[in-house]
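Below: one structure, written as structure tokens.
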Amino acid sequence: MNDITKDDIIAHAIYPAIAGEFDSATEEAIEEAIFEVAPRSTWTYTPGEGWSSPAMDYDTFWAIVERVATA
């Protein structure tokens, strides 16, 4: 059973990448958009490798950030 929460993913995968770059409303919109593409159930944590989802790669992540931040 995987007990990863949305808060875990936000705190360890999303927020470190975007922290301080956007206001809180934009950060929340980015988080929502990321979870639309890569739901919580798709995320895993692998020691030494970090957080990942087969539905979310580097380019997809940053495309979402750019799309939401410039909307």
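The values are calculated or read from the model by the stated rules, or taken from the named source; none is laboratory data. If you're wondering where the values come from, they're calculated on a predicted model, not measured in any experiment. Here Cβ is always computed from backbone atoms with ideal geometry, including for glycine, and neighbour counts include all displayed protein chains.
Worth pointing out:
- Among the residues making up the range 13-46, those that are surrounded by 12 or more Cβ atoms within 10 Å (Cβ to Cβ) and polar (S, T, N, Q) are 26, 42, 44.
- Residue list for the range 1-33, restricted to those being assigned to a helix (DSSP H, G or I) and among the aliphatic types (A, V, I, L, M): 9, 10, 11, 13, 14, 17, 18, 25, 29, 30, 33
- Among the candidates 60, 42, 26, the residue that is in contact with a Ser or Thr (Cβ under 6 Å, 6 or more places away or on another chain) and modelled with pLDDT of 95 or more is uniquely 42.
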